[in-house]
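Colleague: What follows is a structure written as structure tokens; I'll ask about it next.
The values are calculated or read from the model by the stated rules, or taken from the named source; none is laboratory data. None of the values given here were measured: they were computed from a predicted structure. Here Cβ is always computed from backbone atoms with ideal geometry, including for glycine, and neighbour counts include all displayed protein chains. To get the accessible areas, we keep the full protein, side chains included, count just its heavy atoms, and leave off ligands, DNA and RNA. Shrake-Rupley method; radii C 1.70, N 1.55, O 1.52, S 1.80 Å.
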Amino acid sequence: MNRLVAVCLLLLSGVTFALDLELTQGINAALPIGINPFGADSQAVQITDVINNDLHFSGQFRIIPSPVISGQPIAVWQRAGADSVLSGRVNRVDGNRYNVSFELVDATAQGRMLLSKSYQVTDNQLRALAHHISDEVYQKLTGERGIFSTRIAYILVKRGTAKSQYSLEIADVDSSNPRSLLVSSEPIMSPAWSPDGKQIAYVTFEKKRAQVFSVNVATGQRRLLTDFPGINGAPAWSPDGRQLAVVLSKGGNPKVYSVDLATGAMKQMTFGEAIDTEPRYSPDGRSLLFTSGRGGSPQIYRLSLADGAISRVSYAGNYNARASYTPNQQNIVLFHREDRQFNIGVQNVSTGRVTSVTNSQMDESPSVSPNGRLILYATHDQGKGVLAITSIDGSIKLRLPSRDGDVQEPAWSPYLG
């Protein structure tokens, strides 16, 4: 949990590269698919491996082992258990340019063609293309848009004997291709993607005090958004990207404010003596979820943006925080405590029932995938901060490759492009 939010929540509680995705739990009710190698050279192997990993970790597919040798007739794949088969080829055009083509066929309908496409890309675009092919296959077979070309942001902390180093990083959804947007000797926290995926808002202590900035993902250009005395924290974008909700303590206890990003105009949104923090807009832009101690312990409340009415949302458990809606607004994902164990919970909006979908001692900072099927979160493995993914129903669990340092506060990007 980041330092700024930890302060608020402690007050609320009254307390002063070889990719190695580790699937720790899966499901049986998945679509069986066979994947023929795209070739034998390093470029083809890379594409095949990325697609395999993508479809595997989505939890919606069961990868059928190749029957003896690749390129088998569709009937052989069907007897092996595959309902569909993906095949592809990678051919060098010249220099570092390649033609990549693929075909997806229905093994249960005598190899009926489902999808066939080809692309020409450079060597450094091969991994991105592999993610795109995974998206194409996913959408064709499930009817939903894939999330493999999205990205994740997180904070990487390298702890030294004298000083720690903090980095705001972005990476592919499988944690490959990490890139630092900002490096500081002072804490960085609370990354939040803009709705168009072009900017990330975050909190920094580089001036020895909390400030909220945004950074352009492509150029690295930064913009200072709030710089008031006391707490400046927990930024959250409105769905249209025009407003940013933040938590400020400039008037006393931390409260939720909105900032008009075009004009800089500011509006206070919550009032009273309680501590209010961690705002998150609903996908339809009509309300805001936030964490508050106004009922005694940290719980989730909903603020109607039409009339300012506030209602309590969470009742199960003695501690609930960091809530956000799934894209269809049928569920709320939150940081949930039953007794002394902190886990990721999913609350059904209609019934109010909360289901814990993780089971470690300290799982935190949940972030929902743009298709609403997966949750990215921070946890610990052998004393080290790592990232993990669970499905919305808890049936799939996956740990992402660890980094050289502690990884925390993940944020899943929206669909890109």
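Colleague: Taking the Cα-to-Cβ direction at residue 263 and at residue 94 and moving 7 Å from each Cα, how far apart do the two end points lie in nm?
Modeller: Going by the 7 Å Cα→Cβ label model, 5.7 nm.
Colleague: What's the local net charge at residue 299, with K and R +1, D and E -1, over the other residues with C-beta under 13 Å away?
Modeller: +3
Colleague: Tell me what the chain gives for mean residue ellipticity at 222 nm when only DSSP H runs of n ≥ 4 count, each as -39,500 (n - 2.57), the sum divided by the residue total, rounded to 500 deg cm²/dmol.
Modeller: The per-residue figure over the chain is -4000 deg cm²/dmol.
Colleague: A further question follows. For a paramagnetic label modelled at 7 Å from the Cα of residue 177 toward its Cβ, which residues of region 35-57 fall within the zone defined by backbone nitrogen distances under 17 Å?
Modeller: Residues 43-55 qualify, since their backbone N sits under 17 Å from the label point.
Colleague: Also: Go through 44, 379, 365 and say which Cα lies farthest out towards the positive end of the charge dipole of the chain; charges sit on Cβ, +1 for Lys and Arg, -1 for Asp and Glu.
Modeller: Positive-most Cα among the choices belongs to 365.
Colleague: What part of the accessible area of the chain, given as a whole %, is carbon or sulfur when the probe is 1.4 angstrom?
Modeller: The nonpolar share, carbon plus sulfur, comes to 46 percent.
Colleague: Can you tell me the Rg and Dmax of region 241-368, counting just the alpha carbons, in angstroms?
Modeller: Cα-based Rg and Dmax for region 241-368 come out at 14.6, 45 Å.
Colleague: Another question, if that's okay. Taking the dipole about the Cα centre of the chain, with the C-beta of Lys and Arg at +1 and of Asp and Glu at -1, give me whichever of 311, 356, 336 is farthest to the positive side.
Modeller: 311
Colleague: If you filter region 188-273 for trypsin sites (Lys or Arg not before Pro), then keep DSSP loop positions with at most 10 other Cβ within 10 Å, what is left?
Modeller: In loop regions of region 188-273 (DSSP not H, G, I, E or B), the sparsely surrounded trypsin sites (Lys or Arg not before Pro) are 207, 208.
Colleague: May I have the convex hull volume per residue, in Å³, for the Cα set of the chain?
Modeller: Convex hull volume per residue, Cα atoms: 161 Å³.
Colleague: Please compute, over every Cα-Cα pair in region 223-309, the percentage with a separation greater than 19 angstrom.
Modeller: 32
Colleague: So with the 1.4 Å probe, I'd like the accessible area per residue for the chain, rounded to whole Å².
Modeller: Using a 1.4 Å probe on heavy atoms only, each residue of the chain averages 44 Å².
Colleague: State, to one decimal in nm, how far the label point of residue 304 lies from the label point of residue 416, with both points 7 Å from Cα in the Cβ direction.
Modeller: Inter-label distance under the simple model: 3.9 nm.
Colleague: Quick check: residue separation of residue 393 and residue 101 times 0.36 nm, minus the Cα distance between them. What number comes out in nm?
Modeller: Between residue 393 and residue 101, full extension yields 101.6 nm more.
Colleague: On to the next question. Taking the DSSP beta bridges in the chain as the whole, what percent of them are antiparallel, to the nearest 5?
Modeller: 95
Colleague: Number of Lys pairs in the chain with C-alpha atoms less than 23 angstrom apart, excluding same-chain neighbours closer than eight positions?
Modeller: 14
Colleague: If the chain between residue 316 and residue 113 were fully stretched, how many nm would it gain, using 0.36 nm times the residue separation less the Cα-Cα distance?
Modeller: Working it through step by step, the gained length comes to 68.2 nm.
Colleague: Just how large is the dipole of the chain about the Cα centre, in debye to the nearest 20, putting +1 at every Lys and Arg Cβ and -1 at every Asp and Glu Cβ?
Modeller: The calculation lands at about 740 debye.
Colleague: Could you work out how far apart the two model spin labels at residue 125 and residue 185 are, taking each label as a point 7 Å from the Cα in the direction of the beta carbon, and quote it in nm?
Modeller: Here the answer is 4.2 nm between the modelled labels.
Colleague: Averaging over all projection directions, find the projected area of the Cα convex hull of region 184-228 and quote it in nm² with one decimal place.
Modeller: 3.2
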